[in-house]
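The values are calculated or read from the model by the stated rules, or taken from the named source; none is laboratory data. Predicted model only: the values in this text are computed from it and were never measured. All Cβ positions, glycine included, derive from the backbone under ideal geometry; neighbour counts span all protein chains shown. Please note that ligands, DNA and RNA were not included when accessible areas were found on the heavy atoms of the full protein model with its side chains. Shrake-Rupley method; radii C 1.70, N 1.55, O 1.52, S 1.80 Å.
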Amino acid sequence: MYRLSARQILLVALVSGLFAAAAIAVVDRFGNRFQPSSSAFTEKSPAGLTDPAVATDEQNNIEIYRTLSPGVVNVHSTSYARDFFGFVEPQEGSGSGSVIDQEGNILTNYHVIEGATKLAVSFGGQRNYAAKVVGGDPDTDLAVIKLLETPKEPLTIVPLGDSDRLEVGQKVLAIGNPFGLDRTLTTGVISGLQRPIRARNGRPIEGAIQTDASINPGNSGGPLLDSHGRMIGINSQILSPSGASAGVGFAVPVNIAKRIVPQLIGSGEVRRPKLGISTRDVATLKNQVELPVSEGVIIMEVAPGQGAANAGLHGLTQTEDGDVELGDIIVGINGEKVANNDELYRILDKHQVGDTVQVQIMRNGRRTTVPVRLTGAPDTRRGIFRR
(Lines give C-alpha, C1' and ligand atoms only; values in the text may rest on other atoms or scores of the structure.)
Protein backbone atom coordinates (compact mmCIF):
# COMPACT_ATOMS: atom_id res chain seq x y z
CA MET A 1 0.00 0.00 0.00
CA TYR A 2 1.30 3.45 -0.93
CA ARG A 3 1.73 5.60 2.19
CA LEU A 4 1.52 9.42 2.44
CA SER A 5 3.60 11.45 4.85
CA ALA A 6 2.01 14.16 6.99
CA ARG A 7 3.58 16.81 4.74
CA GLN A 8 2.13 15.17 1.61
CA ILE A 9 -1.32 14.98 3.22
CA LEU A 10 -1.21 18.69 4.04
CA LEU A 11 -0.09 19.49 0.49
CA VAL A 12 -2.94 17.43 -1.03
CA ALA A 13 -5.46 19.12 1.27
CA LEU A 14 -4.15 22.57 0.33
CA VAL A 15 -4.26 21.87 -3.41
CA SER A 16 -7.76 20.35 -3.12
CA GLY A 17 -8.96 23.42 -1.25
CA LEU A 18 -7.60 25.73 -3.94
CA PHE A 19 -9.30 23.72 -6.70
CA ALA A 20 -12.59 23.73 -4.77
CA ALA A 21 -12.42 27.51 -4.23
CA ALA A 22 -11.69 28.05 -7.93
CA ALA A 23 -14.59 25.79 -8.95
CA ILE A 24 -17.00 27.66 -6.69
CA ALA A 25 -15.85 30.99 -8.12
CA VAL A 26 -16.37 29.76 -11.69
CA VAL A 27 -19.83 28.44 -10.92
CA ASP A 28 -20.76 31.61 -9.08
CA ARG A 29 -19.59 33.80 -11.95
CA PHE A 30 -20.72 31.82 -14.97
CA GLY A 31 -23.24 29.32 -13.68
CA ASN A 32 -26.28 31.48 -14.36
CA ARG A 33 -25.38 31.61 -18.04
CA PHE A 34 -26.08 27.92 -18.38
CA GLN A 35 -29.35 27.87 -16.49
CA PRO A 36 -32.60 27.54 -18.46
CA SER A 37 -34.77 30.61 -18.63
CA SER A 38 -37.26 29.03 -16.24
CA SER A 39 -34.68 29.22 -13.44
CA ALA A 40 -35.33 32.97 -13.30
CA PHE A 41 -38.95 32.42 -12.26
CA THR A 42 -39.54 33.35 -8.67
CA GLU A 43 -42.05 31.89 -6.26
CA LYS A 44 -41.13 34.09 -3.31
CA SER A 45 -43.58 36.71 -2.09
CA PRO A 46 -42.45 40.18 -3.14
CA ALA A 47 -40.55 42.21 -0.58
CA GLY A 48 -42.27 45.08 1.17
CA LEU A 49 -45.65 43.43 1.72
CA THR A 50 -47.06 43.35 5.23
CA ASP A 51 -48.16 39.92 6.39
CA PRO A 52 -51.84 39.80 5.35
CA ALA A 53 -52.63 38.17 8.70
CA VAL A 54 -51.89 41.47 10.45
CA ALA A 55 -52.58 44.00 7.67
CA THR A 56 -55.99 45.50 7.07
CA ASP A 57 -57.74 44.49 3.86
CA GLU A 58 -57.32 48.00 2.49
CA GLN A 59 -53.60 48.03 3.31
CA ASN A 60 -53.14 44.66 1.62
CA ASN A 61 -54.88 45.89 -1.53
CA ILE A 62 -52.78 49.05 -1.67
CA GLU A 63 -49.48 47.27 -1.06
CA ILE A 64 -50.09 44.55 -3.64
CA TYR A 65 -51.15 47.04 -6.29
CA ARG A 66 -48.24 49.38 -5.57
CA THR A 67 -45.72 46.53 -5.58
CA LEU A 68 -46.90 44.38 -8.48
CA SER A 69 -48.80 46.60 -10.93
CA PRO A 70 -45.51 47.74 -12.57
CA GLY A 71 -45.07 44.10 -13.63
CA VAL A 72 -48.46 43.92 -15.36
CA VAL A 73 -48.40 45.13 -18.95
CA ASN A 74 -50.88 46.11 -21.62
CA VAL A 75 -50.45 43.95 -24.73
CA HIS A 76 -51.46 45.56 -28.03
CA SER A 77 -51.82 43.27 -31.04
CA THR A 78 -52.27 44.08 -34.73
CA SER A 79 -53.42 41.66 -37.39
CA TYR A 80 -54.60 42.14 -40.94
CA ALA A 81 -57.67 40.73 -42.68
CA ARG A 82 -59.56 41.35 -45.91
CA ASP A 83 -62.92 43.05 -45.70
CA PHE A 84 -66.01 42.35 -47.81
CA PHE A 85 -64.59 44.31 -50.74
CA GLY A 86 -61.20 42.61 -50.62
CA PHE A 87 -59.30 45.46 -48.99
CA VAL A 88 -56.77 44.58 -46.30
CA GLU A 89 -57.70 46.25 -43.03
CA PRO A 90 -55.78 46.28 -39.74
CA GLN A 91 -57.51 44.77 -36.72
CA GLU A 92 -56.47 45.93 -33.28
CA GLY A 93 -56.71 43.95 -30.06
CA SER A 94 -55.51 44.30 -26.51
CA GLY A 95 -55.04 42.27 -23.38
CA SER A 96 -52.84 41.96 -20.34
CA GLY A 97 -49.71 40.09 -19.37
CA SER A 98 -47.31 39.49 -16.48
CA VAL A 99 -43.54 39.93 -16.56
CA ILE A 100 -42.02 36.65 -15.38
CA ASP A 101 -38.26 37.26 -15.61
CA GLN A 102 -35.62 39.93 -16.14
CA GLU A 103 -35.08 38.74 -19.72
CA GLY A 104 -38.37 40.39 -20.68
CA ASN A 105 -40.53 37.28 -21.03
CA ILE A 106 -44.21 37.98 -20.48
CA LEU A 107 -46.95 35.44 -19.75
CA THR A 108 -50.34 36.07 -21.36
CA ASN A 109 -53.25 34.28 -23.02
CA TYR A 110 -52.86 32.64 -26.41
CA HIS A 111 -56.05 34.25 -27.65
CA VAL A 112 -54.58 37.70 -26.89
CA ILE A 113 -51.80 37.23 -29.46
CA GLU A 114 -53.38 34.70 -31.83
CA GLY A 115 -52.88 35.73 -35.45
CA ALA A 116 -50.97 38.89 -34.51
CA THR A 117 -48.41 40.18 -36.99
CA LYS A 118 -47.30 43.01 -34.71
CA LEU A 119 -47.08 43.25 -30.93
CA ALA A 120 -46.44 46.20 -28.65
CA VAL A 121 -46.26 46.28 -24.87
CA SER A 122 -46.98 49.21 -22.59
CA PHE A 123 -46.00 49.61 -18.95
CA GLY A 124 -48.44 52.48 -18.56
CA GLY A 125 -48.12 55.90 -20.13
CA GLN A 126 -47.41 56.63 -23.78
CA ARG A 127 -44.24 54.57 -24.31
CA ASN A 128 -44.68 51.30 -26.19
CA TYR A 129 -42.09 48.55 -26.53
CA ALA A 130 -41.99 46.18 -29.48
CA ALA A 131 -42.40 42.50 -28.63
CA LYS A 132 -42.34 39.14 -30.37
CA VAL A 133 -44.12 35.85 -29.83
CA VAL A 134 -41.86 33.30 -28.13
CA GLY A 135 -44.38 30.46 -28.15
CA GLY A 136 -48.04 29.68 -27.74
CA ASP A 137 -50.18 26.78 -26.64
CA PRO A 138 -53.79 26.97 -27.88
CA ASP A 139 -54.72 23.88 -25.84
CA THR A 140 -54.24 25.76 -22.54
CA ASP A 141 -54.78 29.28 -23.93
CA LEU A 142 -51.34 30.36 -22.72
CA ALA A 143 -48.52 32.13 -24.54
CA VAL A 144 -45.19 33.79 -23.87
CA ILE A 145 -44.08 36.97 -25.60
CA LYS A 146 -40.78 38.80 -25.16
CA LEU A 147 -39.73 42.43 -25.24
CA LEU A 148 -37.35 43.23 -28.10
CA GLU A 149 -36.05 46.13 -26.03
CA THR A 150 -36.27 46.27 -22.25
CA PRO A 151 -36.62 49.46 -20.19
CA LYS A 152 -33.45 50.82 -18.59
CA GLU A 153 -34.74 50.23 -15.07
CA PRO A 154 -35.09 46.65 -13.70
CA LEU A 155 -38.35 44.93 -14.52
CA THR A 156 -40.89 44.11 -11.82
CA ILE A 157 -41.36 40.33 -11.70
CA VAL A 158 -44.73 38.83 -10.82
CA PRO A 159 -43.96 35.78 -8.63
CA LEU A 160 -45.69 32.46 -9.23
CA GLY A 161 -47.74 30.83 -6.47
CA ASP A 162 -49.22 27.35 -6.06
CA SER A 163 -52.69 26.78 -7.53
CA ASP A 164 -52.93 23.29 -6.03
CA ARG A 165 -53.25 24.71 -2.51
CA LEU A 166 -56.20 27.06 -2.97
CA GLU A 167 -59.41 27.20 -0.96
CA VAL A 168 -62.87 28.45 -1.89
CA GLY A 169 -63.41 31.77 -0.10
CA GLN A 170 -59.75 32.77 -0.31
CA LYS A 171 -59.14 36.41 -1.19
CA VAL A 172 -57.86 37.15 -4.71
CA LEU A 173 -56.91 40.26 -6.62
CA ALA A 174 -56.88 40.82 -10.39
CA ILE A 175 -54.73 43.42 -12.14
CA GLY A 176 -55.28 44.09 -15.81
CA ASN A 177 -56.32 46.51 -18.51
CA PRO A 178 -60.10 46.20 -18.99
CA PHE A 179 -61.40 48.17 -21.98
CA GLY A 180 -57.89 49.62 -22.41
CA LEU A 181 -57.78 51.23 -18.96
CA ASP A 182 -54.22 50.83 -17.65
CA ARG A 183 -53.59 48.67 -14.60
CA THR A 184 -56.98 48.33 -13.00
CA LEU A 185 -57.27 46.50 -9.66
CA THR A 186 -60.33 44.43 -8.74
CA THR A 187 -60.75 42.19 -5.74
CA GLY A 188 -62.90 39.25 -4.76
CA VAL A 189 -62.71 35.67 -3.61
CA ILE A 190 -62.26 32.24 -5.12
CA SER A 191 -65.83 31.22 -5.93
CA GLY A 192 -65.05 27.69 -7.06
CA LEU A 193 -62.26 25.30 -8.02
CA GLN A 194 -61.81 22.58 -10.63
CA ARG A 195 -64.20 24.28 -13.05
CA PRO A 196 -64.24 22.80 -16.56
CA ILE A 197 -63.63 25.40 -19.25
CA ARG A 198 -62.53 25.08 -22.86
CA ALA A 199 -59.93 26.83 -24.96
CA ARG A 200 -61.07 28.35 -28.23
CA ASN A 201 -59.98 25.21 -30.10
CA GLY A 202 -62.38 23.13 -27.98
CA ARG A 203 -59.69 21.53 -25.85
CA PRO A 204 -60.70 21.21 -22.17
CA ILE A 205 -58.64 23.20 -19.66
CA GLU A 206 -58.79 21.30 -16.40
CA GLY A 207 -59.07 22.74 -12.93
CA ALA A 208 -59.92 26.34 -13.78
CA ILE A 209 -60.31 28.83 -10.93
CA GLN A 210 -63.66 30.62 -10.67
CA THR A 211 -63.68 34.09 -9.11
CA ASP A 212 -66.10 36.93 -8.53
CA ALA A 213 -63.33 39.56 -8.93
CA SER A 214 -64.47 41.67 -11.87
CA ILE A 215 -62.87 40.51 -15.11
CA ASN A 216 -63.71 42.25 -18.38
CA PRO A 217 -62.42 42.29 -21.97
CA GLY A 218 -58.82 43.46 -21.72
CA ASN A 219 -58.19 41.60 -18.47
CA SER A 220 -57.31 38.47 -20.44
CA GLY A 221 -53.77 37.33 -19.76
CA GLY A 222 -53.41 39.33 -16.56
CA PRO A 223 -52.60 37.80 -13.19
CA LEU A 224 -54.99 36.58 -10.53
CA LEU A 225 -53.08 37.09 -7.29
CA ASP A 226 -53.37 35.84 -3.73
CA SER A 227 -53.08 38.08 -0.68
CA HIS A 228 -49.30 37.40 -0.55
CA GLY A 229 -48.84 38.90 -4.02
CA ARG A 230 -48.26 35.61 -5.85
CA MET A 231 -49.87 34.77 -9.17
CA ILE A 232 -52.18 31.79 -8.74
CA GLY A 233 -53.98 32.05 -12.08
CA ILE A 234 -54.05 33.71 -15.49
CA ASN A 235 -57.37 35.46 -16.11
CA SER A 236 -58.83 34.00 -19.26
CA GLN A 237 -62.63 33.88 -19.58
CA ILE A 238 -65.89 35.32 -18.30
CA LEU A 239 -69.38 33.88 -18.26
CA SER A 240 -71.72 36.71 -19.18
CA PRO A 241 -74.77 37.12 -21.44
CA SER A 242 -73.84 40.78 -21.96
CA GLY A 243 -70.14 40.21 -22.62
CA ALA A 244 -69.13 42.25 -19.56
CA SER A 245 -68.40 41.19 -16.02
CA ALA A 246 -71.21 39.32 -14.30
CA GLY A 247 -69.13 38.16 -11.35
CA VAL A 248 -68.26 34.82 -12.94
CA GLY A 249 -64.71 34.80 -14.24
CA PHE A 250 -62.26 31.99 -14.85
CA ALA A 251 -58.48 31.80 -14.61
CA VAL A 252 -56.10 29.14 -15.89
CA PRO A 253 -54.27 27.66 -12.85
CA VAL A 254 -50.70 28.90 -12.60
CA ASN A 255 -49.39 25.35 -12.06
CA ILE A 256 -50.36 24.61 -15.67
CA ALA A 257 -48.24 27.58 -16.72
CA LYS A 258 -45.34 26.30 -14.62
CA ARG A 259 -45.35 23.10 -16.65
CA ILE A 260 -45.61 24.55 -20.13
CA VAL A 261 -43.85 27.94 -20.00
CA PRO A 262 -40.33 26.40 -19.91
CA GLN A 263 -41.25 24.46 -23.06
CA LEU A 264 -42.60 27.56 -24.77
CA ILE A 265 -39.43 29.50 -23.95
CA GLY A 266 -37.20 26.59 -24.93
CA SER A 267 -38.82 25.47 -28.19
CA GLY A 268 -41.79 27.73 -28.90
CA GLU A 269 -44.35 24.96 -28.50
CA VAL A 270 -45.57 22.23 -26.20
CA ARG A 271 -44.95 18.66 -27.30
CA ARG A 272 -47.74 16.51 -25.96
CA PRO A 273 -47.86 12.73 -26.17
CA LYS A 274 -50.36 11.66 -28.80
CA LEU A 275 -51.60 8.51 -30.43
CA GLY A 276 -51.72 10.09 -33.89
CA ILE A 277 -55.43 9.74 -34.59
CA SER A 278 -58.55 11.80 -35.23
CA THR A 279 -61.63 10.66 -33.32
CA ARG A 280 -65.29 11.17 -32.54
CA ASP A 281 -67.22 10.39 -29.37
CA VAL A 282 -69.33 7.26 -29.53
CA ALA A 283 -72.17 9.25 -27.96
CA THR A 284 -72.42 11.50 -31.04
CA LEU A 285 -73.06 8.53 -33.33
CA LYS A 286 -75.16 6.21 -31.19
CA ASN A 287 -78.42 7.35 -32.83
CA GLN A 288 -77.01 7.06 -36.35
CA VAL A 289 -75.32 3.67 -36.33
CA GLU A 290 -75.46 0.53 -34.22
CA LEU A 291 -72.35 0.27 -32.06
CA PRO A 292 -71.12 -2.45 -29.69
CA VAL A 293 -70.56 0.03 -26.82
CA SER A 294 -72.36 3.12 -25.53
CA GLU A 295 -69.19 5.00 -24.52
CA GLY A 296 -65.73 5.43 -25.98
CA VAL A 297 -64.08 7.18 -28.93
CA ILE A 298 -64.15 5.95 -32.50
CA ILE A 299 -60.94 6.23 -34.51
CA MET A 300 -61.86 8.07 -37.69
CA GLU A 301 -58.40 8.37 -39.24
CA VAL A 302 -54.86 7.25 -38.41
CA ALA A 303 -51.80 9.39 -39.15
CA PRO A 304 -49.14 7.47 -41.13
CA GLY A 305 -45.93 6.86 -39.21
CA GLN A 306 -47.41 7.74 -35.81
CA GLY A 307 -47.91 5.50 -32.80
CA ALA A 308 -51.42 4.26 -33.62
CA ALA A 309 -50.50 3.39 -37.20
CA ASN A 310 -47.33 1.61 -36.11
CA ALA A 311 -49.35 -0.43 -33.59
CA GLY A 312 -51.90 -1.46 -36.23
CA LEU A 313 -54.92 0.54 -35.02
CA HIS A 314 -57.57 1.11 -37.67
CA GLY A 315 -59.65 4.10 -38.70
CA LEU A 316 -62.65 4.23 -41.01
CA THR A 317 -62.17 2.24 -44.21
CA GLN A 318 -64.16 1.87 -47.38
CA THR A 319 -64.75 -1.58 -48.84
CA GLU A 320 -64.67 -2.46 -52.53
CA ASP A 321 -68.49 -2.42 -52.47
CA GLY A 322 -68.45 1.19 -51.30
CA ASP A 323 -69.53 0.42 -47.76
CA VAL A 324 -67.85 2.15 -44.82
CA GLU A 325 -66.44 0.03 -42.03
CA LEU A 326 -66.03 1.57 -38.59
CA GLY A 327 -62.61 1.95 -37.08
CA ASP A 328 -61.43 0.66 -33.73
CA ILE A 329 -63.23 2.06 -30.67
CA ILE A 330 -60.99 3.08 -27.78
CA VAL A 331 -62.65 2.25 -24.45
CA GLY A 332 -59.67 2.45 -22.07
CA ILE A 333 -55.98 3.22 -21.63
CA ASN A 334 -53.85 1.48 -19.01
CA GLY A 335 -57.02 0.28 -17.33
CA GLU A 336 -58.58 3.75 -17.10
CA LYS A 337 -61.97 4.11 -18.72
CA VAL A 338 -62.19 6.33 -21.82
CA ALA A 339 -65.79 7.47 -22.30
CA ASN A 340 -65.11 10.47 -24.55
CA ASN A 341 -62.42 12.68 -26.04
CA ASP A 342 -62.09 14.77 -22.89
CA GLU A 343 -61.09 11.68 -20.90
CA LEU A 344 -58.71 10.63 -23.67
CA TYR A 345 -57.01 14.05 -23.47
CA ARG A 346 -56.79 13.83 -19.69
CA ILE A 347 -55.20 10.39 -19.65
CA LEU A 348 -52.68 11.11 -22.41
CA ASP A 349 -51.55 14.30 -20.65
CA LYS A 350 -50.32 12.16 -17.75
CA HIS A 351 -47.68 10.63 -20.00
CA GLN A 352 -44.59 11.70 -21.92
CA VAL A 353 -43.61 11.40 -25.56
CA GLY A 354 -41.99 7.97 -25.95
CA ASP A 355 -44.10 6.22 -23.28
CA THR A 356 -45.89 3.01 -24.25
CA VAL A 357 -49.51 2.73 -23.15
CA GLN A 358 -51.89 -0.21 -23.23
CA VAL A 359 -54.90 0.82 -25.34
CA GLN A 360 -58.10 -1.16 -24.83
CA ILE A 361 -60.20 -1.23 -28.01
CA MET A 362 -63.32 -2.83 -29.42
CA ARG A 363 -62.69 -4.41 -32.82
CA ASN A 364 -65.26 -6.52 -34.64
CA GLY A 365 -67.26 -6.88 -31.46
CA ARG A 366 -64.32 -8.17 -29.44
CA ARG A 367 -62.30 -6.39 -26.77
CA THR A 368 -58.53 -6.47 -27.12
CA THR A 369 -55.50 -4.58 -25.84
CA VAL A 370 -52.84 -3.06 -28.09
CA PRO A 371 -49.56 -1.47 -26.88
CA VAL A 372 -48.99 1.92 -28.50
CA ARG A 373 -45.88 4.08 -28.25
CA LEU A 374 -46.82 7.74 -27.83
CA THR A 375 -45.29 10.22 -30.24
CA GLY A 376 -45.16 13.97 -30.63
CA ALA A 377 -47.74 14.05 -33.37
CA PRO A 378 -48.67 17.28 -35.21
CA ASP A 379 -50.65 19.61 -32.95
CA THR A 380 -54.11 21.07 -33.52
CA ARG A 381 -52.76 24.00 -35.53
CA ARG A 382 -50.97 21.86 -38.08
CA GLY A 383 -53.34 19.05 -38.90
CA ILE A 384 -56.32 16.95 -37.95
CA PHE A 385 -54.40 14.42 -35.91
CA ARG A 386 -55.08 15.77 -32.49
CA ARG A 387 -54.79 12.88 -30.07
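Can you run the Rg to Rh ratio on the chain? Use alpha carbon positions and the Kirkwood inverse-distance Rh.
We get a ratio of 1.09 for the chain.
Less than 14 Å apart at the alpha-carbon level, and either on another chain or at least 8 residues along: which aspartates and glutamates does that give for residue 132?
Leaving aside aspartates and glutamates fewer than 8 places away in the same chain, those within reach of residue 132 are 103, 114, 149.
Restricting everything to alpha-carbon atoms, can you work out Rg to Rh for region 259-387 with a Kirkwood hydrodynamic radius?
Expressed as Rg/Rh, it is 0.99.
Once you have the alpha carbon radius of gyration of region 305-355, what is it after dividing by 2.2 N^0.38 Å, with N set to its residue count?
1.40
Can you give the extra length, in nm with one decimal, that the chain gains between residue 152 and residue 310 once fully stretched, where that is 0.36 nm per residue apart less the Cα-Cα distance?
51.5 nm
Bins of 5 Å, beginning at zero and ending with the bin holding the largest distance: percent of Cα pairs per bin for region 250-328, please.
3, 13, 15, 15, 13, 13, 11, 8, 5, 2, 1
Using just the helices of the chain, give the 222 nm mean residue ellipticity in deg cm²/dmol: DSSP H runs with n ≥ 4 each add -39,500 (n - 2.57), and the total is spread over all residues, rounded to 500.
It lands at -5500 deg cm²/dmol.
Please list 269, 320, 206, 58 in order of solvent-accessible area, largest first, computed with a 1.4 Å probe with all protein chains present.
Reading off the accessible areas and sorting them downward yields 320, 58, 206, 269.
Residues in region 256-270 near a label at residue 206, defined as backbone nitrogen under 12 Å from the 7 Å Cα→Cβ point?
Once the point is set 7 Å along Cα→Cβ of residue 206, 256 turn out to lie under 12 Å by backbone N, inside region 256-270.
As an exercise, use a Förster radius of 45 Å and the Cβ-Cβ distance of residue 168 and residue 319 to find the FRET efficiency, rounded to the nearest 0.05.
Approximately 0.25, to the nearest 0.05.
Extending each Cα 7 Å along its Cβ direction at residue 367 and residue 117, get the distance between those two points in nm, one decimal.
For residue 367 paired with residue 117, the spin-label model returns 5.5 nm.
Students often get this wrong: which residues of region 206-223 have the backbone nitrogen under 12 Å from the point 7 angstrom along Cα-to-C-beta of residue 193?
Under cut-off, by backbone N: 207-210.
So which lysines can residue 171 reach, going by Cα to Cα under 21 Å and dropping same-chain residues fewer than 8 places off?
The qualifying lysines are 44.
Would you list, by chain and number, the lysines whose Cα falls below 19 Å from the Cα of residue 274, excluding same-chain residues fewer than 8 positions away?
337, 350
In debye, nearest 20, what is the charge dipole magnitude of the chain about its Cα centre with +1 on Lys and Arg Cβ and -1 on Asp and Glu Cβ, if you could check?
Charge dipole of the chain: 1200 debye, to the nearest 20.
If you build a Gaussian network model of the chain, linking Cα atoms that sit under 10 Å apart, which residue out of 322, 307, 249 swings the most?
322
Multiply the residue gap between residue 42 and residue 88 by 0.36 nm, knock off their C-alpha separation, and tell me the result in nm, one decimal place.
12.3 nm
Quick one: grab Rg to one decimal and Dmax as a whole number for region 39-86, Cα atoms only, in Å.
19.7, 63
Just how much of residue 78 is accessible, in Å², when a 1.4 Å probe is used and the result is rounded to the nearest 10?
Accessible surface of residue 78 is approximately 20 Å².
Rolling a 1.4 angstrom probe over the protein chains, ignoring ligands and nucleic acids, what is the accessible area of residue 258 in square angstrom, nearest 10?
Roughly 60 Å² of residue 258 is accessible to a 1.4 Å probe.
How far apart, in nanometres, would the label points at residue 79 and residue 53 be if each is projected 7 angstrom from Cα along the Cα-to-Cβ direction?
4.8
How many angstrom lie between the Cα centre of region 217-289 and the Cα centre of region 341-373?
Cα centroid of region 217-289 versus Cα centroid of region 341-373: 24 Å apart.
Looking at region 320-378, which trypsin sites (Lys or Arg not before Pro) are DSSP coil and have at most 13 other C-beta atoms within 10 Å of their C-beta?
In loop regions of region 320-378 (DSSP not H, G, I, E or B), the sparsely surrounded trypsin sites (Lys or Arg not before Pro) are 350.
At 20 angstrom or more along the helix axis (alpha-carbon based) and mean Kyte-Doolittle of 1.6 or higher, what helices does the chain contain? Whole DSSP H runs only.
6-30
At a probe radius of 1.4 Å, what is the per-residue accessible area of residue 250, in Å² to the nearest 10?
Answer for residue 250: close to 30 Å² accessible.
Given the peptides 176-182, 230-236, arrange them by the average over their residues of other C-beta atoms within 10 Å, most packed first.
230-236, 176-182
Starting with the highest mean, order 285-291, 154-160 by the number of other Cβ atoms within 10 Å, averaged over the residues of each peptide.
Highest-to-lowest ranking by the protection proxy: 154-160, 285-291.
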